[in-house]
Amino acid sequence: MAQDKSAKIISLFQREFLKKGVSRITVDEIVSRIGITKPTLYKYFESKEELFSQALNKTNTEILNKMDSIMNTKKEYSEKIKDILNVFHEDLHFADEEFLKKLEFQAPEVWEEVQEFRRVKFPALFKKVLNEGISKGYITKDINKELIADFFIYYVRNFISYEPLSKYNMNVSTAYQFFIQIFFKGILTEKGRTYF
């Protein structure tokens with residue numbers, strides 16, 4: 001019963017921090033939005049940071065599971081890439097650089113968990129994406145997968161967000177097409193490739 005209650009609190013809080021970020025939510029807001037009292041919250045969690053840590057771990061697990069499910073479908077490779085970009089955009093939009101800077105200062109242990117996800121877990125999954133592309137003959141074998149994964153993550157996180165898209169008068173769908181075109185096909189024509 002206690003486990004069910006804590007899981008419910010985590011799920012409800014997860015929705016809130018994904019909308020606002022941890023630094024913008026007070027404990028009073030948490031208990032008000034979730035519909036519990038402060039003593040009830042502290043019965044299950046020692047601090048706001050512990051609650052956030054568990055909600056973040058739940059989010060990370062869900063993201064990895066979604067991406068793993070995408071890779072295990074029978075969809076075309078290009079469709080899998082689009083679906084992964086969509087998960088990246090929809091589920092990781094809260095983890096922008098401003099959010100991470102605040103998190104590092106306000107909840108360093110939670111920040112370390114985010115860094116672990118960004119440095120290890122997500123790149124490992126993206127290498128699986130690259131390996132499938134290589135095995136199917138879509139991607140060249142002689143690439144540095146670690147570098148490509150890091151570049152991909154950095155580029156998507158910083159480009160496919162609402163602010164840059166509005167700057168270029170693009171929506172998410174056209175941004176995906178543009179990103180795939182540049183990242184996978186490059187900008188050179190066949191003629192241009194003969195010079196480089």
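The values are calculated or read from the model by the stated rules, or taken from the named source; none is laboratory data. What you are looking at is a predicted structure, and each value in this text was computed from that prediction instead of being measured. Cβ placement follows ideal geometry from the backbone for every residue including glycine, while neighbour counts extend to all protein chains displayed. All accessible areas refer to the heavy atoms of the entire protein, side chains included, with ligands and DNA or RNA removed. Shrake-Rupley method; radii C 1.70, N 1.55, O 1.52, S 1.80 Å.
When you check residue 140 against the structure, is it open to solvent by less than 90 Å² (accessible area, probe 1.4 Å), within 16 Å of residue 85 (Cα to Cα) and either of a type outside the set (D, E, K, R) or modelled with pLDDT of 85 or more (or both), yes or no?
Values: open to solvent by less than 90 Å² (accessible area, probe 1.4 Å): yes; within 16 Å of residue 85 (Cα to Cα): no; either of a type outside the set (D, E, K, R) or modelled with pLDDT of 85 or more (or both): yes.
No, not satisfied.
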**Item:** Filter pass, residue 45 being over 30 Å from residue 134 (Cα atoms), of a type in the set (Phe, Trp, Tyr) and in contact (Cβ under 8 Å) with a residue 40 or more places away in the chain
**Value:** no
**Fill in**
Of those in segment 64-122 that are of a type in the set (Phe, Trp, Tyr) and more than 21 Å from residue 26 (Cβ to Cβ), the residue modelled with the highest pLDDT is 77
**Request:** Kindly provide the set of residues from segment 1-28 that are under 22 Å from residue 111 (Cβ atoms) and either modelled with pLDDT under 75 or in a loop (DSSP other than H, G, I, E, B) (or both), ordered by number.
**Result:** 15, 16, 17, 18, 19, 20, 21, 22, 23, 24, 25, 26
**Prompt:** Does segment 101-124 include one or more residues that are open to solvent by 20 Å² or more (accessible area, probe 1.4 Å), touching an Asp or Glu at 6+ places or on another chain (Cβ under 9 Å), under 20 Å from residue 83 (Cα atoms) and not charged (D, E, K, R)?
**Reply:** no
**Item:** Residue check for residue 31: modelled with pLDDT under 80 and hydrophobic (A, V, I, L, M, F, W, C)
**Value:** no
**Message:** Please count how many residues of segment 143-170 are open to solvent by 70 Å² or more (accessible area, probe 1.4 Å), at pLDDT below 75 and within 16 Å of residue 186 (Cβ to Cβ).
**Reply:** 0
